[in-house]
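The structure under discussion appears below in the form of structure tokens.
The values are calculated or read from the model by the stated rules, or taken from the named source; none is laboratory data. Note that the structure is predicted; figures quoted are calculated from it, not measured. Every residue, glycine as well, gets a Cβ built from its backbone with ideal geometry; the counts of neighbours run over all protein chains shown.
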Amino acid sequence: MIGAKNSNKVKLQLFVVTVLLMSGIGARGQEAEVVHELEPLLAKNCAACHGPETQTAGINLTSLIREAPLVKNLETWRRVISALEVGKMPPPGAPQPTVAARARMLDLLRNDIENFDFSTIDNPGFELMRRLTHTEYDNTIRDLFGVRLDVTERFPVELIGNSGFENSSNTLFLQSSLMERYIGAAQTIVDLALPAEPITAAHFRTRELIYTKIPDSIVSEKEASEIVLSNFLSQAYRRPLIDEELLAATQQFTLARSNGLSYESSIKQVIQAALISPKFLLRVESGRESLVSYQINEWELASRLSYFLWATMPDRELFDLAAEGRLSDPIVMEQQVSRMLRDEKANTLGDVFAAQWLGFHNVGTRIWLDPIDNPWCTDSLMTAMRDETSMFFMSLVRDNLPIRTLIDADFTYVNEELATTLYNIEGVVGDHMRRIEVSDSNRGGILGHASILALTSNYTTTSPVKRGVYVLDTILGTPPPEPPPNVGVLSQELQEMREMSFREKVEMHSSNEYCRGCHSRIDPIGFSMENFSFFGQWRDTYDFRVRVDSEEEADESIVINTESSPEPVTIHFKTTKRRISSQGSLPDGEVFDGPSGLKQALLKDRYEDLVRQVVSRMLSYSLGRQLEYYDEPAVRSIIAALEENEFSFQTLIQKVVASYPFRYKKNLHREIH
Amino acid sequence: MKSRTFSRRAILQGVGATVALPLLDVIPAFAQSPLLPDAGKNRLAYLYFPNGIPRGIWYPEKTGSSGELIKLNEWMSPLEPFKGDIIIPSNVWTPEGNGHVDGTPTWLTGHDYDARAVNAGGVSADQIVARHLRDQTLLPSLELSTKGEGYFSNSLPRNAISWSAPDRPMTREIEPRTIFDRMFSTQSSVNSNRTVMDSVLADARSLSKVVSVEDSLRLDEYFEAIRALERRIEFSERQSTEMANDRALTDTLVAPAPGIPADHQSYVRLMMDLMILAFQSNATRVITFMLDHGQSNRYFNFIPEVEGTWHALSHYQNASGMTEDDDGSTSWESVAQKRDMYAEVVRWHHTQVAYLLDRMKNIQEPDGNSLLYNSMILFGGGIGDGNEHDASHLPTLLAGRGGGTINPGRFIEHSEQTDLGSIHVALMQRMGVPIERLGTAQTAYTRLI
């Protein structure tokens, strides 16, 4: 009896929940003690600025401490911990806790957070329905019509919030001004892809894809239109149609036909309507009245897979497997992931995922130099820089290399322009990007890529601070605390710094205690990368070009015409060189030398952080949302699987798609854990 | 008739490089109509600028005994001809949400910003007004912005001042042609879209039954967007016949060329021309225009004697050219020189505002008053002194008479900090919105009259 079976299942699930809740009780008791001890400490030392009266930076620790478990506000507590650690808080000038009190607070917080028993949590999260990103939209249109139209070019630019990815559900808004674009685009698409008079090969290809049945003496218009529309709509909606939908579509077709439109124009009108339907524009997943988490269905799984790995709709094979109910079979899914990664469409993992995670999507647009002053800074070079990192990332995935290769690799991708302009590599001829061996231990891995080095520089100078923050935040996922809001400019005199020894550099901020806490941890990472100039060229020395008065002192003289003098003026320059000291260190780590030393230190001392960061970023992208504390069990289980599989990239991807949050969801408003 | 005396050609004079649309294709969806009962009512515009100001350059040089503006300082001198049309309040601040990141999204909400949740704490003042007036104009509001340059151009908080819901920023338009097209769309596309939209709506409604409660909220966003479009189409249908007969307008309506003008001043002025066109045609009565995103790194080297990026200049206390904010190729002789360049950039923006005010003052409305008289323009930003990311002494300037509800020509000195939100409330009330508080502000500002 089906009814009985179901109710047994519900009972079983409730039982599991009860057991989970009970197993959490021990931890809860402990937590209550921690909170009990922490509350007065926080009240005494923090509440003046972060309490009920004033909530500086929006943080109210008095109310936060009462939100159990503390891991619920993991991010804020981590900020609290790091601010306490480096002595940023309480701020200098404010009453300070005793050394013992500070240590006790840190102990209590760290213990409670690090030792939290995450197995007590059963929550896969809930991915809010979201619209397609502009990239996903263009790709989906390409796959539906078999032609790349890129109609989103003049759409409002996608803005990026805290998740760092465009596909984050909390930044994908649907405003009427965007709706206008969709409506206009729908018309443009049917007009361009399906003109009344096909001319180009692409036109004929699209017709074959869309007009899957042509009415003739045997097949009536009605029958043909049903086949055509059912085929198109089920692809556009990425699931089988329900009867009412097909009925509504054929009615719309018939109405258009009776209004005097041709057969094809009537079909096109239905297609145009489908392209502005929320069923196409939004990633719809069916809801379920449920107290407990539930598995997403086959079609939803197909879409999650394809938008994650391809940034586009599922293909025929995925649809077929979903229809057969086989896609969710672990073995089938593993095979499909392997197949999908081999497909060219998976390049979006490099062009979209890696680009947005690592920030190199900005190279050439936000990161760029005026080519009038910098003629070498061409569009093609910018493209090659992006492609290098993107292709490198894809080879990590396709060749199933270990995560460490991201940091330390013996190969990369270049073309002639990139090789000669920035890397001083000879013998590479031609525009196409190709894989080359890299024997230089400083260069291999993304920290030696021109794209990354440029995006962590300031225009035409390097920035040890930016590079340090980049490594700690983007690469390791352990961001230093935000600078205080009113710190003003960081008065770091780079010129002076270049004259300093390593020790002096580290202590540069000692005049300002407020800055030193963090910058003594940040800057030394960047110091070790100083041999890479602002666009990643290698240099052994800093070259200072200064104006001098006489020709005797000069090593270069130029003649210029000025407005102020009738005669041309000669200006003399002298360049002095200073050897770069590239010693550096990781926070609380040993001193090492140069990029190569940095890479070894990262892999030796911070590999766990690197792995966790790669896992977190990929899981976040795959789900289209920021991670929450309840995703921690999934992150941990993926890391555990990686440890057993040499940290290989395909293991990572396979485990992400097999993870609980990727395959399950739980309604938001009934959160129990 | 007096109301017809203004030159419509003048409306578009500033449109710079323009391309005429084939006239037969363009039947304006909607434009100024003297028959409309609401024509001539108050208009509200917010002009946002980032990066703050050097301390002190927002105060007038000379004022009368009761604060009348007698002479502006040198950095505000472009506004000298309009000193009778503006109010400069001193000591304005926002208690919450400050700096480049948090101060931008909350400039018009008066709350704090939660970056993780993408939440500005409340609906922004312009959107509160837009919602109130939405059935009276073609577009409930217009959100404009210049195209971002450099870092942070796609950073959400730095590009969002208008929020239709606490967690939903409005999309901003950067291309003059797109803005023009939104106001004056072609008749044919409106019609065919109507058919398509009708057919999709019924089908889409069935979806709400399938998805979860949470998702149906997201679906509401979709329906809301469609409803806004429907309202707009109905509006344009009501007006189209009338507009088709208004040869004076159709003959002179010239659409700007697609793309972004290369010259920044032409670009900003073209956007201002479109603001005026929108107000004049009653296409909308609420406009926000971000003169740049919240941490602009734009170069203003086109101003003589100015070097370096805007944001770098704002940190004027360090003139070495060697700080983290610098571009590595610009340095300054002294703090004073750098500060002056920073002030020059602010003055340049005053010049553009003066252009806007000048045009608005010379456009006569059906009621005999100028467009400026019937408008309220709040010009300012969320940072006081840029070098210190100051949360108080926010540069704030109000222009226009709000249809006679504002008594301008004054510097208003405040001995105590005045919440910017209270000024927002006072302006919203003048747009007919029954509202008493916004964000941290519990009352309306009372000294405008």
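Structure values in brief
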item: Residue list for the stretch A:548-563, restricted to those being surrounded by 10 or more Cβ atoms within 10 Å (Cβ to Cβ), among the β-branched types (Val, Ile, Thr) and in a strand (DSSP E or B); result: A:VAL548, A:ILE558
item: Condition broken by A:SER557, with the remaining ones in (1) modelled with pLDDT under 85; (2) within 14 Å of another protein chain (Cβ to nearest Cβ) satisfied; result: (2)
item: Matching option when the condition is within 24 Å of B:GLY103 (Cα to Cα) and more than 14 Å from chain B (Cβ to nearest Cβ), among A:PRO52, A:PRO97, A:PRO40; result: A:PRO52
item: Pair list, Cβ under 8 Å, 6 or more apart: the stretch A:169-181 residue within 7 Å of chain B (Cβ to nearest Cβ), other residue at pLDDT 90 or above and assigned to a helix (DSSP H, G or I); result: A:LEU174/A:LEU281
item: Those residues of the stretch A:291-305 which are over 14 Å from A:ALA236 (Cβ atoms) and hydroxyl-bearing (Ser, Thr, Tyr), in sequence order; result: A:SER293, A:TYR294
item: Residues that are of a type in the set (Phe, Trp, Tyr) and assigned to a loop (DSSP other than H, G, I, E, B), drawn from the stretch B:373-428; result: B:TYR373
item: Selection from the stretch A:630-651 of residues that are charged (D, E, K, R) and touching a residue at least 24 places away in the same chain (Cβ under 8 Å); result: A:ASP631, A:GLU632, A:ARG636, A:GLU646
item: Condition broken by A:GLU75, with the remaining ones in (1) within 25 Å of A:SER622 (Cα to Cα); (2) touching a residue at least 24 places away in the same chain (Cβ under 8 Å); (3) not assigned by TED's automatic domain parsing to the domain that holds A:TYR211 satisfied; result: (2)
item: Residue within the stretch B:100-109 that is surrounded by fewer than 23 Cβ atoms within 10 Å (Cβ to Cβ), under 20 Å from the mean Cα position of the chain (by Cα) and either outside the structural domain of B:ASP327 (by TED's automatic domain parsing) or in contact (Cβ under 8 Å) with a residue 60 or more places away in the chain (or both) present; result: yes
item: Residue that is farthest from B:ASP220 (Cα to Cα), among those in the stretch A:254-301 that are surrounded by fewer than 20 Cβ atoms within 10 Å (Cβ to Cβ) and among the basic types (Lys, Arg); result: A:ARG257
item: Whichever residue in the stretch B:155-177 is assigned to a strand (DSSP E or B) and in contact with a strand residue (DSSP E or B) (Cβ under 8 Å, 6 or more places away or on another chain) and, among such residues, is farthest from the other protein chains (Cβ to nearest Cβ); result: B:TRP163
item: Within the stretch B:106-130, tally of residues that are closer than 20 Å to B:ILE179 by Cα and within 13 Å of chain A (Cβ to nearest Cβ); result: 2
item: Where B:ILE412 falls short, out of the listed (1) on the phi > 0 side of the Ramachandran plot; (2) in contact with a Pro (Cβ under 8 Å, 6 or more places away or on another chain); result: (1)
item: Scan of the stretch A:79-126 for residues that are in a helix (DSSP H, G or I) and among the basic types (Lys, Arg), ordered by number; result: A:ARG79, A:ARG102, A:ARG104, A:ARG110
item: Condition met for B:LEU133 (modelled with pLDDT of 95 or more and in the same structural domain as B:PHE180 (by TED's automatic domain parsing)); result: no
item: So A:THR188, is it without any contact (Cβ under 8 Å) to a residue 40 or more places away in the chain, in a helix (DSSP H, G or I) and touching a Leu at 6+ places or on another chain (Cβ under 9 Å); result: yes
item: Cβ-Cβ under 6 Å pairs, at least 6 apart or on other chains, the stretch B:283-306 side of a type in the set (Phe, Trp, Tyr), far side modelled with pLDDT of 95 or more; result: B:PHE289/B:LEU47; B:PHE289/B:LEU144; B:PHE300/B:VAL345
item: Selection count where residues are of a type outside the set (Phe, Trp, Tyr) and part of a loop (DSSP other than H, G, I, E, B), scope the stretch A:411-463; result: 24
item: The lone exception for A:LEU627 - which of (1) within 14 Å of chain B (Cβ to nearest Cβ); (2) touching a residue at least 12 places away in the same chain (Cβ under 8 Å) it fails; result: (2)
item: Given (1) farther than 25 Å from A:GLY468 by Cα; (2) away from every other protein chain (no Cβ under 14 Å), number of the condition A:SER616 does not satisfy; result: (1)
item: Any hit, the stretch A:153-167, residues being touching a Phe, Trp or Tyr at 6+ places or on another chain (Cβ under 9 Å), assigned to a helix (DSSP H, G or I) and either facing chain B (nearest Cβ under 9 Å) or within 27 Å of B:LEU219 (Cβ to Cβ) (or both); result: no
item: Restricting the stretch A:249-290 to residues that are in the same structural domain as A:ASP138 (by TED's automatic domain parsing), out of contact with any Asp or Glu (no Cβ under 9 Å at 6 or more places or on another chain) and in a loop (DSSP other than H, G, I, E, B), the residue that is nearest to A:ARG239 (Cα to Cα); result: A:LEU275
item: In the stretch B:303-313, the residues that are more than 9 Å from every other protein chain (Cβ to nearest Cβ) and in contact with a Phe, Trp or Tyr (Cβ under 8 Å, 6 or more places away or on another chain); result: B:ILE303, B:VAL306, B:GLU307, B:GLY308, B:TRP310, B:LEU313
item: Hits in the stretch A:370-383 (condition: touching a residue at least 40 places away in the same chain (Cβ under 8 Å) and crowded, with 18+ Cβ neighbours inside 10 Å); result: A:LEU381
item: Within the stretch B:314-340, considering residues that are in contact with a Lys or Arg (Cβ under 6 Å, 6 or more places away or on another chain) and not small (Gly, Ala, Ser), the one farthest from the other protein chains (Cβ to nearest Cβ); result: B:TRP332
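Table: residues versus (1) within 14 Å of chain B (Cβ to nearest Cβ); (2) over 30 Å from B:ASP198 (Cβ atoms); (3) touching a residue at least 40 places away in the same chain (Cβ under 8 Å); (4) not small (Gly, Ala, Ser).
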{"position": "A:PHE280", "(1), (2), (3), (4)": "yes, no, yes, yes"}
{"position": "A:ARG316", "(1), (2), (3), (4)": "no, yes, no, yes"}
{"position": "A:PRO330", "(1), (2), (3), (4)": "no, yes, yes, yes"}
{"position": "A:MET333", "(1), (2), (3), (4)": "no, yes, yes, yes"}
{"position": "A:THR365", "(1), (2), (3), (4)": "yes, yes, no, yes"}
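Residue by residue, here is whether (1) surrounded by fewer than 20 Cβ atoms within 10 Å (Cβ to Cβ); (2) modelled with pLDDT of 95 or more holds:
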residue: A:PHE204; (1), (2): yes, yes
residue: A:TYR211; (1), (2): yes, yes
residue: A:SER217; (1), (2): yes, no
residue: A:VAL228; (1), (2): no, yes
residue: A:ASN231; (1), (2): yes, yes
residue: A:PRO240; (1), (2): yes, yes
residue: A:ASP243; (1), (2): yes, no
residue: A:ALA249; (1), (2): no, no
residue: A:GLN252; (1), (2): no, no
